[in-house]
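Before any comments, here is the structure.
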Amino acid sequence: MISRTLPLWAAASVVGILPLHSAQAASSVTFPDKVCDVTQYGAEGHRLQIALNTEAIQKAIDDCAAAGGGTVLVPKGNFLTNPLFLKNNIQLKLEKDATLVASTEVAAYRADEKTKYAEAENGWLPFISVADAQNVAIVGEGTIDGQGAVWWERWRENIRATGKKGGTDRPRLIYITRSHNVLIDGVTLTHSPSFHVVTRYARDVDINGTRILSPWHAPNTDAIDPIDSQNIRITNNYIDCNDDHIAIKAEKADPRFPDGVVDNIYIANNTLKQGRGISIGSESAGGVNNVLVENNTFEGSMYGIRIKSPRGKGGEVKNIVYRNTKMHNVEVPLVFSAYYKAAPIVEAEVDQLLKAGGFTLGEQIYPPDSDPKQPFDKYKTPHFSNITVENLTSTGDSKAAAYIIGTPEAPLSGFHFTNVNIEAAQGLRIRNAELETKGLTLTVKEGPAIKKDAGAIVHE
């Protein structure tokens, strides 16, 4: 039997702040000794890959699952394939110098009657599906290459034709849905057509020791997106991508999870390069509860730590702790925003909004602080509370230290900054929010260290 359990993480409760669950390894996968080598099923890993290996690799997965489970082994070589479907009790192991290369045949990513269960967002099949499964792993020293450049250019072509950015209407790389007890460990994931790893309606998932890479010009290439999921551990990863390093999303409320459809998330010991931060949102309507983020290092990122949600997609985000964080040359280290709205592509429209007294941050635009109240809705109005940032140091070139921007109908509450030290060109801007500080040091080049808009309350 092959057993893989990640070590227990020493993450004690933060006394007096929130009752975090013990941050232990979420998954505990175990597999029979049976090994199904894909080359024994006819797969060929040529350097210049032309023929598809889909049938051979899927047959290895199916045979191994039918025998009660085991390891599907991908040895050294480049193996071009259409989408693959993992099943119960399957460990997909990529040996060193083994690469699964995703085809770019559009029709292959559209579901038929046999594969419809594995559809991801927008009707696309992901490259690798873990759907309605348990006790599954993707491990090894090899690589999964999504060949995303073809898909990215199609996205740009559509923008040029329509003048609108549009969504992420293309496949995900790995999609874990309605599944539990899943491990991703050690592999390199690169060039996804869109998001690299997505969990949806999943629980007990570990993503550990992976390298997730995409170039700065690759649109919407989030590294890891836990959506409506519980007991997720994201640890010891190296992430260098265009979009969010991690984006926690709570799309729809569920009475089975009264505290939030996203609960008990642990994010620790990750190295984060270019990208847009460890984020919660933009969808938070279903509620997010009990997140611990610690011992992470950022370098050269657009953002560091973010909670971002707009009116209409908002909801309750509570009991969040960020601690022991190091940042260098992060454009904006901290962003907590209940006004997450993309700026228009047309510059004249942006200028018009700015003339009304708003401001821009990255690709987002904010209204003036005279913006009126709107009716409060539990599942549509962003409301964040009990958010703690402690032991954070950010050095180097930052445009602004932090933004804490709530709405007038739901001011942000229970924000605590303890031992937070940030160097930046501009300071912290706060609106419709209450902040308690202890040991906050902001070293700024211009303007006030703290700019208070309407509804700002700061206890120093």
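List the number of the failed condition for Ile267; all other conditions in (1) open to solvent by less than 10 Å² (accessible area, probe 1.4 Å); (2) in contact (Cβ under 8 Å) with a residue 40 or more places away in the chain; (3) among the aliphatic types (A, V, I, L, M) hold.
(2)
Criterion first (β-branched (Val, Ile, Thr), touching a Ser or Thr at 6+ places or on another chain (Cβ under 7 Å), at pLDDT 95 or above and buried (at least 20 other Cβ atoms within 10 Å of the Cβ)) does Val330 satisfy it?
Yes; evaluated as a whole, the condition is true for this residue.
Six or more apart or on different chains, Cβ atoms under 6 Å: show the pairs whose first residue is in segment 354-370 and closer than 18 Å to Ala433 by Cα and whose second is β-branched (Val, Ile, Thr) and open to solvent by less than 20 Å² (accessible area, probe 1.4 Å).
Partner pairs satisfying both residue conditions: Gly358/Ile365.
When the residues of segment 354-379 are narrowed to those that are in a loop (DSSP other than H, G, I, E, B) and among the hydroxyl-bearing types (Ser, Thr, Tyr), which ends up nearest to Asp254 (Cα to Cα)?
Step by step, filter segment 354-379, then rank; the result is Tyr379.
Look through Ala10, Ala66, Ala56, Ala60 and report the one residue that is modelled with pLDDT of 95 or more and exposed (fewer than 12 other Cβ atoms within 10 Å of the Cβ).
Result of the check over Ala10, Ala66, Ala56, Ala60: Ala66.
Quick check on my filter: what residues within segment 131-165 are among the aliphatic types (A, V, I, L, M) and under 22 Å from the mean Cα position of the chain (by Cα)?
Hits for segment 131-165 are Ala131, Ala133, Val136, Ala137, Ile138, Val139, Ile144, Ala149.
Would a scan of segment 318-330 turn up a residue that is out of contact with any strand residue (DSSP E or B) (no Cβ under 8 Å at 6 or more places or on another chain) and more than 22 Å from Gly427 (Cα to Cα)?
No, segment 318-330 contains no residue that is out of contact with any strand residue (DSSP E or B) (no Cβ under 8 Å at 6 or more places or on another chain) and more than 22 Å from Gly427 (Cα to Cα).
Taking segment 427-446 only, how many residues are farther than 21 Å from Lys326 by Cβ and in a strand (DSSP E or B)?
Qualifying residue count for the region: 7.
Would you mind stating whether Arg311 is in contact with a strand residue (DSSP E or B) (Cβ under 8 Å, 6 or more places away or on another chain) and within 18 Å of Phe415 (Cβ to Cβ)?
Against the criterion (in contact with a strand residue (DSSP E or B) (Cβ under 8 Å, 6 or more places away or on another chain) and within 18 Å of Phe415 (Cβ to Cβ)), Arg311 does not qualify.
Do you know which residues across segment 69-120 are of a type in the set (Gly, Ala, Ser) and either assigned to a strand (DSSP E or B) or open to solvent by 50 Å² or more (accessible area, probe 1.4 Å) (or both)?
Matches in segment 69-120: Gly70, Gly77, Ala98, Ala102, Ala107.
The values are calculated or read from the model by the stated rules, or taken from the named source; none is laboratory data. What you are looking at is a predicted structure, and each value in this text was computed from that prediction instead of being measured. Note that we place each Cβ from the backbone using ideal geometry, even for glycine, and neighbour counts take in every protein chain shown. Surface accessibility is based on the protein's heavy atoms, side chains included, excluding ligands, DNA and RNA. Shrake-Rupley method; radii C 1.70, N 1.55, O 1.52, S 1.80 Å.
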